[in-house]
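Student: Here it is: the structure, laid out below.
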Amino acid sequence: MSMDYLRIFSIVLPSIFLAGLIDSIAGGGGLISLPAYIAAGLPPHFALGNNKFSSSIGTLFATLMYRKNRMIDMKVALSSGLFALVGSFLGAKTVLILNPDFLKYILVILIPIIAVYTLINKKFGEKNESHEIPLKIRIFLSVIAGFVIGFYDGFFGPGTGSFLILFNTLVLRYDLPTANGNTKVVNLASNIAAVVTFLINGKVLLIIGIPAACAGVLGNVLGAKIAITKGAKIIRVVFIFALALLMIKILSDII
């Protein structure tokens, strides 16, 4: 496979850095990183493989930062992550049977509603009131959400991180930084199987994947620092931006 690595890196590295930055703050980084790999000329399966490889390593570092700053409820996050793995596997199997296009039309209606709610509710995700929900109920709800959103991730994919943040904030009543930290654990868990599969099948070009992963780590670390220090206000802004990216992506697919 003949490749112009200078051209590839000039497209991929800044894009993966930006994707990591956005993803670590509010999810949705894949909406930037995957198109970047494709624009750089990687065949679809290699684009998917390298995207999962670089994003997973970046997410690992963001997760460690949130964990260091005690912004992850590990019992809830790990329970959700475990069932997200199961859901993602079943979703990937189901997409081989059913066409996921109907979800695009549902999301075209749902995304603006979420965005308007987030804009109107100025105190969205500012307070951590999760302690008012018993731990067993939080774990139970997170298991269901992990499975459902994991299934969505395997079946369709775009916006998974943003939807997890929304669930952790609205239903489990975490503040946005903790909701984000919990989401990173779930994302990491659901990506592990995919990364291993792509590696085993030789769909990760390490000569591109390793430098891209380094760029992703830098973006994720910077983004996590911003989210941890600036809190809910900056996360809300980036969250709206991630939703806008998702909306553009879906509309472009439909049109």
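Student: Assuming residue 172 fulfils every condition listed in (1) crowded, with 19+ Cβ neighbours inside 10 Å; (2) assigned to a helix (DSSP H, G or I) apart from one, which condition is it?
Tutor: (2)
Student: Further question: Could you please give the count of residues in segment 39-59 that are among the aliphatic types (A, V, I, L, M) and either surrounded by fewer than 16 Cβ atoms within 10 Å (Cβ to Cβ) or modelled with pLDDT of 90 or more (or both)?
Tutor: 4
Student: Taking segment 201-255 on its own, how many of its residues are of a type in the set (S, T, N, Q) and either farther than 26 Å from residue 46 by Cα or crowded, with 17+ Cβ neighbours inside 10 Å (or both)?
Tutor: 2
Student: Do you know which residues across segment 63-88 are free of Cβ contacts under 8 Å to residues at least 12 places away in the same chain and either outside any helix (DSSP H, G or I) or under 15 Å from the mean Cα position of the chain (by Cα) (or both)?
Tutor: Matches in segment 63-88: 70 only.
Student: Follow-up question, since we're still on this one. Select from segment 118-153 the residues that are assigned to a helix (DSSP H, G or I), in contact (Cβ under 8 Å) with a residue 24 or more places away in the chain and among the charged types (D, E, K, R) and list them in ascending order.
Tutor: Residues satisfying the conditions are 132, 138, 153.
Student: Against the condition surrounded by fewer than 21 Cβ atoms within 10 Å (Cβ to Cβ) and either modelled with pLDDT under 85 or under 20 Å from the mean Cα position of the chain (by Cα) (or both), how does residue 149 come out, does it pass?
Tutor: Taking the combined requirement at face value, the residue does not satisfy it.
The values are calculated or read from the model by the stated rules, or taken from the named source; none is laboratory data. Keep in mind that this is a model prediction, so the values were computed, not measured. Counting neighbours? That spans all protein chains shown, and the Cβs are built from the backbone with ideal geometry, glycine included.
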